[in-house]
Amino acid sequence: MRSMLRQFRRAPGRILASVFALALAIGAIGVLAVPTVSESTLHDAVGQDGLADIIVDTTPLDADQLAAVGDVSGVAVAEGQAIAAVELADGFLTRLIGLDLDHQTMDLVQLEAGRLPASEDEVVTTAALGAIGSHVVADGVSYEIVGHGSTLWWSGDDVLFAPFDTVAPMTGGANHLVVTAIDDGSASLHTLSDDIRAELGETGATYTTFPQLLPDGSTPIDDDIEQVSTLIGMLGIFAGMVALVLLAGTTNTLITERTREVAVMRALGGRSRQLRRRLRRIALGITAVALLVGLPLGVFISNYVARMVLTEFVGVTPSFAIDWVVVAASAIGALLAARLVAARAARRVTKLSLPEALRDRDGAPFGGRWTHRLLAKLPTGGLIGRIAVRSNARRPARTLAVTTQIAAAVAAAFLIPTLVSSVNDFNTATLAPWTWESVAIARDPGLPIEASDDHDRLGTSEAGIWVDGAIDDEEIWVYGLRTDSTFFSSDVREGRWYADTGREAMISNGFAERRDVAVGDTIPLELANGTVEYEIVGTVDDSNVAVYVDRADLAADLGAPGMANVVWSSSESPWLDVDAAVRVDTAADLAAEDEAGRDAVVLIFGAIGAIVVGVSALAVLSTMTVNLFERRHELAALQAIGARRRRLRGLLARELLPVGAVGLVAGLGLGALGARAIIGSFESADAIDIGVTDAVVAIPFIVAGTAAALLLLAAAVVRTTSKRSIAVTLRGAA
Amino acid sequence: MSPTVRDPHDGGMHTTTPVLDPAHVVPANPALVQARDLTRVWGKGHAAQIGVAEVSLDVRRGELLAVIGPSGSGKSTLGSLIAGIDVPTSGSLVVDGTRIDQMKPDRLADWRGAHVGIVFQQFHLLPTLTAVENVELALELARVDAGRRERRRRAIEALEWVGLAAHVKKLPAQMSGGEQQRVGIARAMVTRPPMIVADEPTGALDQRNGHAVFELLAGLTSVGTTVVFITHDLHLAESADRVVSMIDGRIESVRGGA
Ligand SMILES: Nc1ncnc2c1ncn2[C@@H]1O[C@H](COP(=O)(O)OP(=O)(O)OP(=O)(O)O)[C@@H](O)[C@H]1O
Ligand SMILES: [Mg+2]
């Protein structure tokens, strides 16, 4: 500890910079803890809430049908909820959710304030829809808000919770079935879900969406969280690597700059073993101090990022959590790495021949290696330029470290805009084939196709079907369109448009390529109420995972011949002659939603990117400070023989800019690869084809930014070095 | 090996260009350096460390002035001030007709490049440059009006003069202390400055090498260069034109000269 303090007094700025950069790097490893922190929050919420294992939206069920589901073997509890689409006084379309508040075991409302509704004219909702004690009008009926709260399932949405009896008359019964299974393993849930589907089919109920399965206590957004977490984890590993390079560099310098001091002690009879132990202790001490600051910082960063992820994607505010494994691992890792590097450097320092060590100031004599001698024989460029090149070659490890650090910062700076432009392009591309301005989504059991076509008095409209399906367990959107649809117009890449004779389908090109499906193949299309076969007659470039079929065929397949569930319209505010529509989404709404999703991605990765850029910048700064400290005599000598400060700046710029250029190229490559890895993981997780659009526009800015930062750095260090009197610097012992 | 001392004017080139420009040849005041009440202290109050205190001294053109005194007496401080690598706390310092005590850092750098050559006890060669490159660098920084080839030629000539013809392409790490110091001298004199300040240039060398270095510096006075030579070696000091003896940051005595 005493030697640490002495150390600190000797070069406070340098030690502080190293400790801080190291701490920040160790802190950045904290993002590795984000998945654990997020998941622990979610699972707490699941526990409190009683989330179901199987969730099914159906046509209204009566008590007998519900009881029948309850009797299916493997079902622990089956509960019915009634969910009605309602319009608030201000035109906001939302849902009124009827729960059997006295008996329910699943989807328990978590109150933030107030109490649960006790009578049919009371509701619980979010603060956004009104204060407790005020009234909210839904479909013309006034309800008193008696509490604020939500369930995990509905978190993030502004919906109304009411007693079951309030809503059941509107829906005609329970239309949202929640089930807990005796065995919630993935395989058994699949079997159980099929059994329930069969049972419901027998009792005459139909539904157009698949049951949702949540095995092993998972939550509906577990997949999303896990995916985002994986990506964050990748960045965490990246940050960890930067931290390691930094740690190694700092430790190495700390020891190497003691070469002469150690040589003197050896000359005085100091034993190498003892000296090595002393050197190692110095390195470990500094790492320990960095850990002291870095670990709490890491805990903070992980909680901060987890909070961002969860509030953005789930609407849940997480509680504070610590991933002890990550904390312990980064502490042990940092100490081990420091010890390893320190041991190596200490061995080198204590093994150097005494005369050489005593003569040299900084332990890196120039001329010892063949590269040095080769460079000394190459009199190319100006003298200042030669000093620059040779100084970089004199300390290859350090030069490499600075290059890596710059590359890391550039990679992060390039990756973020590339993600943004890729997601933007993807959003644009997915909406591109669709020419409607709004889509009205109908309530089950849907609306008659005949009655819905061309009913918009403000423009043209077209009824269609939009449900989810699956091909070999891969989820796919299923669109039922008119064969002469005017709202979907994508280029047919191969084959032809489907006809309304026999079951013909067009399929997304990306999906076809991935699943090796060709024109002429017959595919089994799994719908909510069974599997049907379609022949692929064409593939389309729609940046989607979708299959397009004739709407009449699809209606029949879904067990509701002649019915549709969406109406596409050319008007933003369609005036439909059907009252079954529950929600109207405009194209603008969807674009805004896409944008919000993109912003969330940008926010999270931007924050992590900023951390990486910050850590790298600090690392470069710290490395450069050490470098210039070592070379202070050289710089002072240059000044003594008449070099202006501009010359020194020029020298440093010439040292840094080539390193920056290499780092820049490597960083851009790394960023492009990173973006591909991230997008690729999104693609394989969601089975979509996003594609990468490199943010070429950002490159000039990154180049200019890097150059500016390096020149500024050069200017700043020259300013500091030239503050001291040259004579004082030159006389100071090494 | 001791270098042969020759007149640095030996090379034909040197005779064609005057060592000092005409303005300096006919000065108003014969003294090159005029220091008046020169004081350099570090810190304030009780903790103040005195380097030199109210030193007044004239250094004449073309003389070899030795500065002696016990350790800590302020020799290096005085040398640094005269060489323009340190700035006095108070007092005035005129060198070659220019007041340098209040110059801005960049102008002072230019001034040093053109008017003074400095030889250090620790050599302070640039470790990544070869001997000849180190010498060339001084020419480049002093903005000597000569092409790259010419600068190299002059640098090699200077190295030949200090007896290092065979070592021009060596790096400092590949040379002995005495050789490095001779490169230092070549670097200091190659720009032909009116004054050379050498702070214990022989301190790190053995007697033979030390003597050779001293002879080189002394030889420069023959072409009109003023040499301020700081040393602990009283024997060497005896050979100087004048000897300034310092104690506790003040001048105790000045011997020699008229
Ligand atoms: N940077 C500094 N800060 C504080 N005091 C200083 C500094 N530099 C020199 N001194 C003090 O100034 C005084 C004169 O120092 P200087 O180096 O000029 O002596 P010197 O005569 O050259 O000694 P030596 O023969 O040992 O080289 C000394 O007391 C020294 O401690
Ligand atoms: Mg001294």
For the range A:330-336, in residue order, the Karplus 3J(HN,Hα) values (coefficients 6.51, -1.76, 1.60; θ = phi - 60°; whole Hz; Gly and Pro = x) are 6, 5, 5, x, 5, 5, 5
Antiparallel as a % of all DSSP beta bridges within the protein assembly as shown, to the nearest 5?
70 percent
Cα atoms only, the range A:444-580: Rg and Dmax in Å?
14.8, 44
Take every Cα pair under 8 Å in chain B that's 6+ residues apart, average their separations, divide by the length, and report that relative contact order as a whole percent.
29 percent
Find how much the distance from A:LEU354 to A:LYS377 grows on full extension, using 0.36 nm per residue of separation minus their present alpha carbon separation; answer in nm with one decimal.
5.5 nm
Within 10 Å of the Cβ of an average residue in B:133-142, the count of other chain Cβ atoms is 5
Treating only the Cβ atoms of Lys and Arg (+1) and Asp and Glu (-1) as charged, compute the dipole magnitude of the range A:444-580 about its Cα centre; round to the nearest 20 debye.
180 debye
I need the trypsin sites (Lys or Arg not before Pro) found in the range B:117-194, filtered to DSSP loop residues with at most 12 other beta carbons within 10 Å of theirs.
B:ARG143
The range A:444-580: relative contact order from alpha carbon pairs under 8 Å, six or more residues apart, as a whole percent, is 38 percent
Chain B: calculated mean residue ellipticity at 222 nm from DSSP helix runs of at least 4, using -39500 (n - 2.57):
-9500 deg cm²/dmol
Would you pull out the residues with amide H under 5 Å of A:SER438's amide H, same chain only if 5 or more places away, H placed 1.01 Å from N?
A:SER569, A:SER571, A:ALA587
Kirkwood hydrodynamic radius over Cα pairs of the range A:41-145, then Stokes diffusion coefficient at 20 °C and 1.002 mPa s, in µm²/s
136 µm²/s
Compactness of chain A, expressed as Rg and Dmax over alpha-carbon positions, Å
33.3, 103
Counting trypsin sites (Lys or Arg not before Pro) as exposed when in a DSSP loop with at most 10 other beta carbons within 10 Å, what is the longest stretch of chain A free of them?
A:1-376
Normalised by the residues of the range A:52-217, what does the relative contact order come to in percent, with Cα pairs under 8 Å and at least six apart?
39 percent
log10 of Debye I(q)/I(0), alpha-carbon scatterers only, for the range B:149-217 at 0.14, 0.27 Å⁻¹
-0.40, -1.33
Report, by chain and number, residues whose modeled amide H sits under 5 Å from the one on A:ASP100, excluding near sequence neighbours (fewer than 5 apart, same chain).
A:PHE164
Checking the cross-link filter: which lysines have an alpha carbon closer than 26 Å to that of B:LYS104, excluding same-chain neighbours under 8 positions apart?
A:LYS723, B:LYS44, B:LYS75
Principal axis dimensions, largest first and in whole angstrom, of the range A:52-217 by Cα
46, 30, 26
Net length gained if the chain between A:LEU590 and A:ALA432 were fully extended (0.36 nm per residue, minus Cα distance)
55.7 nm
At 222 nm, what value in deg cm²/dmol follows for chain A if DSSP H runs of at least 4 each add -39500 (n - 2.57) and the sum is divided by all its residues, to the nearest 500?
-18000 deg cm²/dmol
Any chance you could get the radius of gyration and Dmax over the Cα atoms of the range B:117-258, in Å?
15.5, 48
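Read-outs throughout are calculated quantities, based only on the coordinates presented, and are distinct from any laboratory measurement. Predicted model, so just to flag it, every value in this text is computed and none were measured. A quick note on method: Cβ atoms are made from the backbone with ideal geometry, for glycine too, and the neighbour counts reach across all protein chains shown.
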